[in-house]
Amino acid sequence: MELKATHVAVLEAADATEARSVDALADDTGEPPESVAGAAFDLAERGLVDVTERVEETVELTAEGESYRDAGLPEVRLYRAARDVGATDAEAVPMGEVIGASDLGDAVDIALANYARKGYGVVDSGEVTADPDADPDADAEAAALDAVAAGDAIDEDVRSDLERRNLVVVDERTVRFVELTEDGVTALMEGVEATDAVGQVTPEMLSSGEWRDAEFADYDVEADADVEHAGKEHVLRQTAERVKDVLVGMGFQEMDGPHADAEFWINDCLFMPQDHPARTHWDQFALDVPPMQDLPEDLMDRVEHAHREGVGEDGDGYHSPWGEEMARGVDLRGHTTSLSMRYLSGEQVGDLEPPERYFSVEKVYRNDTLDATHLLEFFQIEGWVMAEDLSVRDLMGTFEEFYAQFGITDIEFKPHYNPYTEPSFELFGEHPETGEVVEIGNSGLFREEVLEPLGVECDVMAWGLALERLLMLTHGFEDIRDVHGTLVDLDFLRNEEVVY
Ligand SMILES: N[C@@H](Cc1ccccc1)C(=O)O
């Protein structure tokens, strides 16, 4: 039998009693592993060898993982500090005191993000408890960091927690093994010879004229070609564009505005009291930049009045503190309702006359804990309709019409509370794979306390829907990180076409 030289070398190096790895064969033959793998696949097609594959994983500590292995996990250090200053499960100690007693530095947020999850205690309203029964010496994640450093296997669940915290990285590689078949053994016994047929012309062959006498190997027109993955629009972007088309088709115009905005537009205009828990850095990202100067003074006065005294005849404000300084602070917007406020106030495109419809499909930022259904930044489908005499039926009808365009016809509504809408409704849809009911949006009719300062005299119904959740319902994936970030499902992103 005549074979190409690499094929002969691979066949001779392969064994009938032991599957040998491509790397081992590459060492023996002196050929690069890719050529060995290519030859092995050709030989397998002729039935001379079997090729099997195995995915091998290696787990390694990241620099951050390494640093916690030395200094201790931040939540463990927080727990020890809390116990040192006398916290128990019944005795909460102010956060400042606990942090002061610790050596946490900028690891405080990381400590807090993991503290309760691991049962060390509770962090609430700036105070920390510490469960005396918790045993920091038995911390499974700390033990796993040591195990990884020693090259030992660790528990799957702990591993995914550590991966999520970016304390370990898992590398996967496919290892191929080649084993001689009976036909391969027979072929070797009968004798295989390397053809001197040339597979590829080289520049040297051309300049020396050697090509004239060479015998060329047949060109295999049936051989598999490499798959080239061209750049393409991300499925989320495709879906965003589709959402825009649908809303434009329903008569809406698009809004645009700053990602980093004054709290005034993000919160104060929305009648969110300045001491509302959602306005702390636990929930939103504050920016260390100068306060925003450029805010409409008269609107600010009216908003302040609504907060302090309320609006209308029997209105009653919050009687809680309200300060301009906080209103001028700049945050990454936690919702795009800040854009709705800018437009409704007339600041963005001048005064509006009903009926008007506006939308945006834009990014928002929240200090959430990353998990299968939460991201720290995601796209919100914001929208509002300004018209006389709107009712809950109009709101529901609009959603039914919108979601039907995506094949979703079983939307459910649940009464909800927002400081800025009354009534308010959360929207839910059924996950096509798990059957679970997933929250997909939040909506309502803006209150007088919001509309009057803005100078809007008719009704406004409004909503914020999550684009990623819409995609979960239409495509059935269960983890939002399949489309975002470092854990994305590349096959899905490469091959999925968005057709609604
Ligand atoms: N801002 C709300 C959504 C919403 C917008 C407008 C009115 C009511 C609700 C959210 O982010 O959840």
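The values are calculated or read from the model by the stated rules, or taken from the named source; none is laboratory data. Only a predicted model underlies this, so the values are computations on that prediction, with no experimental measurement involved. Every residue, glycine among them, receives a Cβ derived from its backbone with ideal geometry; neighbour counts consider all protein chains shown.
Yes or no: VAL55 in a helix (DSSP H, G or I), farther than 30 Å from LEU112 by Cβ and either of a type outside the set (Val, Ile, Thr) or touching a residue at least 24 places away in the same chain (Cβ under 8 Å) (or both)? In short, no. When GLU412, GLU353 are checked against the criterion of being farther than 22 Å from VAL498 by Cα, touching a residue at least 12 places away in the same chain (Cβ under 8 Å) and away from the ligand (no atom under 14 Å from the Cβ), a single residue qualifies: GLU412. Of all residue pairs spaced 6 or more apart or on separate chains, those with beta-carbon atoms under 7 Å, a first member in region 1-25 that is surrounded by fewer than 16 Cβ atoms within 10 Å (Cβ to Cβ) and a second member that is hydroxyl-bearing (Ser, Thr, Tyr) are GLU2/THR195. Within the bounds of region 456-463, is there any residue that is modelled with pLDDT of 95 or more, touching a Cys at 6+ places or on another chain (Cβ under 9 Å) and near the ligand (Cβ under 10 Å from one of its atoms)? There is no residue in region 456-463 that is modelled with pLDDT of 95 or more, touching a Cys at 6+ places or on another chain (Cβ under 9 Å) and near the ligand (Cβ under 10 Å from one of its atoms).
Here is a yes/no grid of residues against (1) in a helix (DSSP H, G or I); (2) assigned by TED's automatic domain parsing to the domain that holds VAL330; (3) without any contact (Cβ under 8 Å) to a residue 24 or more places away in the chain:
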{"residue": "PRO273", "(1), (2), (3)": "no, yes, no"}
{"residue": "MET292", "(1), (2), (3)": "no, yes, no"}
{"residue": "ASP298", "(1), (2), (3)": "yes, yes, yes"}
{"residue": "VAL311", "(1), (2), (3)": "no, yes, no"}
{"residue": "ASP314", "(1), (2), (3)": "no, yes, yes"}
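Against the test of being out of contact with any Ser or Thr (no Cβ under 7 Å at 6 or more places or on another chain) and exposed (fewer than 10 other Cβ atoms within 10 Å of the Cβ), the options ARG173, ARG279, ARG242, ARG237 yield a single qualifying residue, ARG173. Within region 17-52, the set of residues being in a helix (DSSP H, G or I) and touching a strand residue (DSSP E or B) at 6+ places or on another chain (Cβ under 7 Å) comprises VAL22, LEU25, ALA37, ALA40, PHE41, LEU43, ALA44.
Look at region 460-475: where a residue is in contact (Cβ under 8 Å) with a residue 24 or more places away in the chain and a partner is more than 12 Å from the ligand (Cβ to nearest atom) and assigned to a strand (DSSP E or B), sitting 6+ places away or on another chain with Cβ atoms under 7 Å, you get VAL460/MET386; LEU467/VAL361; ARG469/VAL438; MET472/VAL438; LEU473/GLY429; LEU473/VAL438.
Residues considered: ARG333, ARG342, ARG366. Of these, the only one that is in the same structural domain as SER443 (by TED's automatic domain parsing), surrounded by 17 or more Cβ atoms within 10 Å (Cβ to Cβ), within 12 Å of the ligand (Cβ to nearest atom) and modelled with pLDDT of 95 or more is ARG333. When the residues of region 245-271 are filtered to those that are away from the ligand (no atom under 16 Å from the Cβ) and part of a helix (DSSP H, G or I), which remaining residue is surrounded by the most Cβ atoms within 10 Å (Cβ to Cβ)? Out of the qualifying residues, it is VAL246. Restricted to region 428-453, and to residues that are among the hydrophobic types (A, V, I, L, M, F, W, C) and more than 10 Å from the ligand (Cβ to nearest atom), which residue is surrounded by the fewest Cβ atoms within 10 Å (Cβ to Cβ)? Among them, the one singled out is VAL437. State all residues of region 262-311 that are among the polar types (S, T, N, Q) and more than 16 Å from TYR343 (Cα to Cα); if no residue qualifies, say none. Selection gives GLN274, THR280, GLN284, GLN293. Right, ALA466: within 10 Å of the ligand (Cβ to nearest atom), under 18 Å from the mean Cα position of the chain (by Cα), in the same structural domain as GLY346 (by TED's automatic domain parsing) and small (Gly, Ala, Ser) or not? Here the answer is yes, as ALA466 does meet what is asked. Is region 85-98 home to any residue that is of a type in the set (D, E, K, R) and either within 33 Å of the chain's Cα centre (by Cα) or within 29 Å of VAL158 (Cβ to Cβ) (or both)? Yes, that holds for at least one residue. Just one of the numbered conditions (1) more than 22 Å from GLY350 (Cβ to Cβ); (2) aliphatic (A, V, I, L, M); (3) touching a helix residue (DSSP H, G or I) at 6+ places or on another chain (Cβ under 7 Å) is not true of VAL303: (1). Could you pull out the residue among LEU270, LEU236 that is touching a Pro at 6+ places or on another chain (Cβ under 9 Å) and either within 25 Å of PHE446 (Cβ to Cβ) or not charged (D, E, K, R) (or both)? The conditions single out LEU270.
Looking only at region 118-141, which residues are crowded, with 17+ Cβ neighbours inside 10 Å and assigned to a helix (DSSP H, G or I)? PRO136, GLU141 - these are the residues of region 118-141 that are crowded, with 17+ Cβ neighbours inside 10 Å and assigned to a helix (DSSP H, G or I). I'd like to know if region 100-117 contains one or more residues that are in a helix (DSSP H, G or I) and more than 30 Å from the chain's Cα centre (by Cα). Yes, some residue in region 100-117 is in a helix (DSSP H, G or I) and more than 30 Å from the chain's Cα centre (by Cα).
Okay, residues lined up against (1) closer than 30 Å to VAL76 by Cα; (2) assigned by TED's automatic domain parsing to the domain that holds VAL488; (3) exposed (fewer than 15 other Cβ atoms within 10 Å of the Cβ):
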| position | (1), (2), (3) |
| --- | --- |
| GLU163 | yes, no, no |
| GLU179 | no, no, no |
| VAL201 | no, no, yes |
| ASP213 | no, no, yes |
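When region 144-157 is filtered for residues that are surrounded by fewer than 18 Cβ atoms within 10 Å (Cβ to Cβ) and farther than 14 Å from ALA63 by Cα, the ones remaining, listed by number, are ALA147, ALA150, GLY151, ASP152, ALA153, ASP155, GLU156, ASP157.
Within region 317-328, not a single residue is within 30 Å of the chain's Cα centre (by Cα), polar (S, T, N, Q), surrounded by fewer than 18 Cβ atoms within 10 Å (Cβ to Cβ) and closer than 26 Å to ASN442 by Cβ. Annotation note: of VAL385, VAL361, VAL392, the sole residue that is more than 10 Å from the ligand (Cβ to nearest atom) and within 25 Å of GLN284 (Cβ to Cβ) is VAL361.
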